[in-house]
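The structure under discussion appears below in the form of structure tokens.
Any read-out appearing in this document is the output of simple, stated calculations on the displayed coordinates, not a laboratory observation. In this text, all values refer to a predicted model and were calculated from it rather than measured experimentally. As a convention, Cβ positions derive from the backbone with ideal geometry for all residues, glycine included, and neighbour counts pool all protein chains shown.
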Amino acid sequence: MEKKSKKTFYVTTPIYYVNDVPHIGHAYTTIIADTLARYHKMAGREVFFLTGTDEHGQKIEKAAAERGITPLALADAVVGRTRDLWKALNIEPDFFIRTTMAVHEKGVQKLFQALLEKGDIFKGEYKGWYCVSDENFLAEDVPIGTDGVKVCPDCGKKAVIVSEATYFFRLSAYQQQLLDHYASHPQFVRPPSRMNEVSSFVRSGLKDLSITRTTVQWGIPVPGDPAHTIYVWFDALHNYVTGIGYGENENQFKKFWPAQVHLIGKDILRFHAVFWPAFLMASGLPLPECVFGHGWWLKDEAKMSKSRGNVLDPYTIINAFGPDPLRYFLLREIPLGLDGNFSHEGFLHRVNSDLANDFGNLVHRTLTMVQQYFGGTLGEMEDEGADDRAIREMYEKVKASVRSHYESCALNKALEELWTFIGAANKYLADNAPWKLAKDPGRRGRLARVLWTGAAAIRGAGHLAAPVMPGSAVRIWDLVGESVSPQSVLFDDFRFDGLRPGREMKAPLPLFPRVDLKEFLGQEAKPAIPSGEDSAAVPQPNEAKMKTKETPMDIITFEEFKKLDLRVAQVIRAERVEGATKLLKLQINLGTEERQIVAGVAETYAPEDLVGKKITVVANLKPAVIRGVESQGMLLAGIKDGKAVIPFFEGDIPPGSKVQ
Ligand code: MSP
């Protein structure tokens, strides 16, 4: 995906089913795409960002029939929900494709026809279990239930048997070519765990794919055989080429194809990393550089989805905070690729601490003092001192590393890095205490220098944050007296020291107001856990058990116990998790590998108490992100008065030894 030398950047999201009300999960993918698009524009590339809606198929046909309207009328009526949400989130695609658009339908028919002529599409008969909700034939190894019916493993709904004449795509012919492509392009599927999943699926054997239906009317007709409509996934995947002009605007198509990154949720990996490249190979089109399968946002440990009824409405947050805090939270909280648990408590905690306390305060303090001590204008300043230089030099270093994280889609790391700079700038102000300098008329030049550095820092931080928080960045730049938007200045052209004495600055307005949890959630406010730690982000299985003392314990079998992989681990390094009073981040040696875990033990242990100690770790626990820090396992501890007491191993037991 790294494309420093190339001048164009093409990023896509999945196209969303038009009958679903878009929720935070859909917003996540689209915010990532918008952020990458904005970043690459600021890096000087010509960018195309495509999103849209998937409007054909049995689901829409059924929903429209239930309402007594045509599927197109239904799609027309509801597509606005998706567009409006993107607008409310400050998401600005270059094109919003609907699969009912003529340009798309014609393009799909053209591609279909060409494959038919080539023999990669041929006619036959298909019989199989079909999930109407997911528009997907179930794999043969999905077991038949006791009622004789297969249940869709993805959405849990009952499948139906479909038997029909169909056109097949010769997927089996592309097995080896796909495997060769994976081997020669290890970045084709990211993260690497998803690549393993995909290649082992392909290695296990590919069957030809039924790609038309006679039982579904609402779809693109097969050219020359209109009793058949084209399978919704064959139709939908081709939006990535028709959306940039395939068959219609060849110049634009040639300019942007192949895409640098298709962003998708991990649920639709096979479609994008197996079927889609095979379709492209058959059509003789180049393959995208990367398919990035990000993780899910969960609510109460289950994937947020309409069928589970656990979706969170993004407008609850947007109406109270505007779009940027939600954009920031979703990108900062988890690395792209892992799942995260969404809670309003976790959201508020981050917004109050990172945005209101850290960034908001830096802006507010600096601008208030420029008003108070210099009437709103940057004063004539004395020469740069060591402290001032350190901040300027740190900015350049941080900028380079933030940029490289944006380049590699490590958006949480980009933000983490930027916040180290914001922290340093806050410390610089505290150390230089301008409020003290202001009392000494002989130190006006020094005072002006310190406030200049503060102003340069907020302007520079605003520039780096612009892809993630475009609205706030514009406001910050307006406050420091810039007449242009931060996004119009390329990263290569931006100068930290671009401010001159005499520059007029505005009085600060609260950028990120602090919001109280109870006030925000109203009657539904759940009590925060005592330390003020984020209750949703911190897994607390032990606490949950303690609270249910009265209920009898579940008995587990020895077989179940054996599923736990308990190991001796030696702590190599330990440090506090910033902003969390209970948490330590530990690097541990597990014999064959090093890992990082996060443990709620900081109330009883200082980091140095643990270094070198041997502890027990659950090594096969699903990784989780706690307060933005990845935890790849869990240590075991006793709990006394709500605090952790860790049993340490004495004597000569090597790290990695089994505990049983
Ligand atoms: N229409 C198909 C995609 C066709 S692309 C050629 C589809 N649509 S969808 O609306 O059901 O979901 C689209 C995407 O939304 C998912 O793949 C994922 O990117 C995103 N998400 C939906 N729920 C999500 C979460 N709970 N968490 C994170 N992303 C999720 O599939």
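What order do you get for 324-333, 99-108 when each peptide is scored by the mean count of other beta carbon atoms within 10 Å, highest first? Kindly include the intermediate steps, with their values, before the conclusion.
On the way: 324-333: 23.6, 99-108: 19.6.
Peptide ranking by packing, descending: 324-333, 99-108.
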Quick one: Karplus J couplings for the range 163-180, per residue in order, coefficients 6.51, -1.76, 1.60, θ = phi - 60°, nearest Hz, x for Gly and Pro?
-> 10, 7, 5, 8, 8, 9, 9, 7, 5, 4, 6, 9, 4, 5, 4, 5, 4, 4
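Packing-wise, with mean Cβ within 10 Å as the measure, how do 178-190, 607-619, 143-155 rank, highest first? Numbers along the way, then the final one.
Numbers: 178-190: 16.2, 607-619: 17.8, 143-155: 12.9.
So the order, starting with the most tightly packed, is 607-619, 178-190, 143-155.
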Over the Cα atoms of the range 351-447, compute the convex hull volume and normalise it per residue, giving Å³.
-> 107 Å³
Does anyone have the angle between helix 411-432 and the longest principal axis of the chain? Alpha-carbon axes, 0 to 90°, nearest 10?
-> 10 degrees
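Given a Förster distance of 60 Å, report the FRET efficiency between residue 200 and residue 506 from their Cβ-Cβ distance, rounded to the nearest 0.05. Intermediate results must be reported in sequence, preceding the final value.
Details: r = 58 Å, r/R0 = 0.96.
Efficiency at R0 = 60 Å is approximately 0.55.
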Return the whole-Å distance between the Cα centroid of the range 160-231 and the Cα centroid of the range 560-587.
-> 42 Å
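Arrange 296, 218, 435 by Cβ neighbour counts within 10 Å, fewest through most, would you? Please report the intermediate quantities before stating the final value.
Numbers: 296 20, 218 23, 435 13.
Fewest to most other Cβ atoms nearby, the residues stand as 435, 296, 218.
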One finds, for residue 123 and residue 497 with R0 = 60 angstrom and r their Cβ-Cβ distance, a FRET efficiency to the nearest 0.05 of 0.30
Using amide H atoms built 1.01 Å from N in the peptide plane, name the residues 5+ places from residue 210, or on other chains, whose amide H lies under 5 Å from its own.
-> 169
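So if we plug the beta-carbon distance of residue 439 and residue 404 into 1/(1 + (r/R0)^6) with R0 = 41 Å, what FRET efficiency do we get, rounded to 0.05?
On the way: r = 43 Å, r/R0 = 1.05.
For residue 439 and residue 404, the calculated efficiency is 0.40.
Once you order the gyration tensor axes a ≥ b ≥ c over the Cα atoms, which shape class does the chain get: rounded for a/c under 1.5, otherwise prolate or oblate by comparing a/b with b/c? Don't skip to the answer; put the middle values down first.
Details: a/c = 2.00, a/b = 1.33, b/c = 1.50.
It is oblate, given that a/c is not under 1.5 and a/b is not larger than b/c.
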Just need the Rg to Rh number for the range 83-242, please, alpha carbons only, Kirkwood Rh.
-> 0.99
Please give the contour-minus-distance gain from residue 488 to residue 392: 0.36 nm per residue of separation, less the Cα-Cα distance, rounded to one decimal in nm.
-> 32.4 nm
Once phi is turned into θ = phi - 60°, what whole-Hz ³J(HN,Hα) does the Karplus curve with 6.51, -1.76 and 1.60 give for every residue of the range 394-405, x standing for Gly and Pro?
-> 4, 4, 4, 5, 5, 4, 4, 7, 4, 4, 5, 5
To the nearest 10 degrees, the tilt of helix 470-479 (Cα long axis) against the first principal axis of the alpha carbons of the chain is 30 degrees
For the range 275-286, Karplus-derived ³J(HN,Hα) couplings (6.51, -1.76, 1.60; θ = phi - 60°; whole Hz; x for glycine and proline) come out as 5, 4, x, 5, 4, 5, 4, 4, 7, x, 9, x
Likely footprinting exposure, 67, 595, fewest C-beta neighbours within 10 Å first | 67, 595
Roughly how many whole Å is it from the C-alpha centroid of the range 81-99 to that of the range 336-360?
-> 24 Å
Quick one: if you stick a label point 7 Å off each Cα along the C-beta vector at residue 185 and residue 518, how many nm between them?
-> 5.6 nm
Using the 10 angstrom Cβ neighbour count as an exposure proxy, how do 373, 315 rank, fewest first?
-> 315, 373
When you count, for each residue, the other Cβ atoms within 10 Å and take the mean per peptide, how do 21-34, 486-499 rank with the highest first?
-> 21-34, 486-499
Show that you can apply the helix-only estimate: for the chain, add -39,500 (n - 2.57) for every DSSP H stretch of four or more residues, divide by all residues, and state [θ] at 222 nm to the nearest 500.
-> -11500 deg cm²/dmol
Would you list which aspartates and glutamates come within 19 Å of residue 427, measuring only between C-alpha atoms, while excluding same-chain residues fewer than 8 positions from it?
-> 354, 358, 384, 387, 388, 393, 396, 416, 417, 578
For the range 1-61, take the alpha-carbon Rg, divide it by the Kirkwood Rh, and send me Rg/Rh.
-> 1.10
Relative to the longest principal Cα axis of the chain, at what angle does helix 192-203 sit, 0 to 90 degrees, rounded to 10?
-> 10 degrees
Taking the alpha-carbon centre of each part, the distance from the range 39-68 to the range 375-404 in Å is 43 Å
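Length gain on complete extension for the stretch residue 320 to residue 611, per 0.36 nm per residue less the alpha carbon to alpha carbon distance?
Details: separation 291, 0.36 × 291 = 104.76 nm, distance 4.38 nm.
Working it through step by step, the gained length comes to 100.4 nm.
Semi-axes, largest first, in whole Å: what does sqrt of 5 times each Cα gyration tensor eigenvalue give for the range 164-318?
On the way: eigenvalues 137, 99, 71 Å².
Rounded to whole Å, the semi-axes are 26, 22, 19.
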Length gained when the stretch residue 217-residue 592 is fully extended (0.36 nm per residue, less Cα-Cα span) = 129.4 nm
